[in-house]
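Working notes for the structure below.
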Amino acid sequence: MYVLIDNFSLYSKGFFGTVKLTVYASLLALVLGFIMASFRIAPVRSLRALGTVWVTVLRNTPLTLLFFAVLLGLPRFGLVLPFELFAVIALGCYTSAFICEALRAGINTVHKGQGEAARSLGMNFGQTLNNVVLPQAFRSVIPPIGSTLIALAKNSAIAGAFSVTELLGTYKPLSELGYSIIWTFVWIAVGYLIITLTISALFNVLEKRYGVAR
């Protein structure tokens, strides 16, 4: 317990750093995931191709390699940003590929007749997607999206290797100060549990309220 008490400010800084990364990267992943899912089912071939390339590349690229590509590659094109923002971009883009596929799977559960009926009423693709398909698909994708965002929270630990303040990175100064490595990681694990269990509880509430009855 003394490891936590003596270094509470350090743990708090790392904890809230991870929370901030998780929240911002989750928002980015949800927005990009929705856009790419829309592209994947769009009637325009070029958009479908773009969505397919996005998902294929990001799902099959190691997250660490993506961090290197973002943090080292973007500045070469004149885009110089804080490391925290680079980490959000890397985490958000990577996770968006999985959000996209979860949404696309949910969209595929909606019967084609629903879209055909909407088009017969004069709705265009965007109106059909937003007003008919997605509200029904959302109910079935709550659990997989929740699991994906929990994975994002844990993946945020990689950001610590790129000078970003987050929870796992607190072990370095504590180890140098001579604290027990075991108890150092125990409290780090507790911090991650608080974050992931909070996400899980939030999505359990959403599932009970909006999810498909099983």
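Annotations for the structure displayed:
- Accessible-area ranking of Thr61, Thr22, Thr165, largest first, probe 1.4 Å: Thr165, Thr61, Thr22
- Taking amide H positions as modeled 1.01 Å from N, with prolines and chain starts lacking one, the residues under 5 Å from Leu167 and 5 or more places away or on another chain are Thr18.
- Exposure of Tyr210 as accessible area (Å², to 10), given a probe of 1.4 Å and all protein chains: 100 Å²
- Volume per residue that the Cα convex hull of the chain spans, once the total is divided by residue count, Å³: 142 Å³
- Cα→Cβ-extended label distance, 7 Å offset, between Ala69 and Arg45, nm: 2.6 nm
- Under a model in which nothing but the beta-carbon of Lys, Arg (+1) and Asp, Glu (-1) is charged, the chain shows a dipole of about 740 debye around its Cα centre.
- For the chain, the mean residue ellipticity at 222 nm estimated from helices alone is -24000 deg cm²/dmol, where every DSSP H run of n ≥ 4 contributes -39500 (n - 2.57) and the total is divided by all residues, rounded to the nearest 500.
- Computed with every protein chain present, the accessible area of Lys20 is close to 110 Å² [probe 1.4 Å].
- Rounded if a/c under 1.5, otherwise prolate or oblate - the range 1-75, Cα gyration tensor axes: prolate
- Of the residues Glu166, Glu84, Glu101, ranked by 1.4 Å probe accessible area with the largest first, the sequence reads Glu84, Glu101, Glu166.
- Span-rule helices in the chain, defined as complete DSSP H runs reaching 18 Å or more along the axis (Cα) with Kyte mean at least 0.0: 8-40, 45-59, 83-108, 134-155, 181-210
- Label-to-label distance for Tyr210 and Gln136 is 1.7 nm, based on points extended 7 Å past Cα in the beta-carbon direction.
The values are calculated or read from the model by the stated rules, or taken from the named source; none is laboratory data. Given the structure is predicted, the values throughout are model-derived calculations rather than measurements. Neighbour counts run over all protein chains shown; Cβ positions are idealised from the backbone, glycine included. We work out accessible area using only protein heavy atoms, side chains counted, and drop any ligands, DNA or RNA first. Shrake-Rupley method; radii C 1.70, N 1.55, O 1.52, S 1.80 Å.
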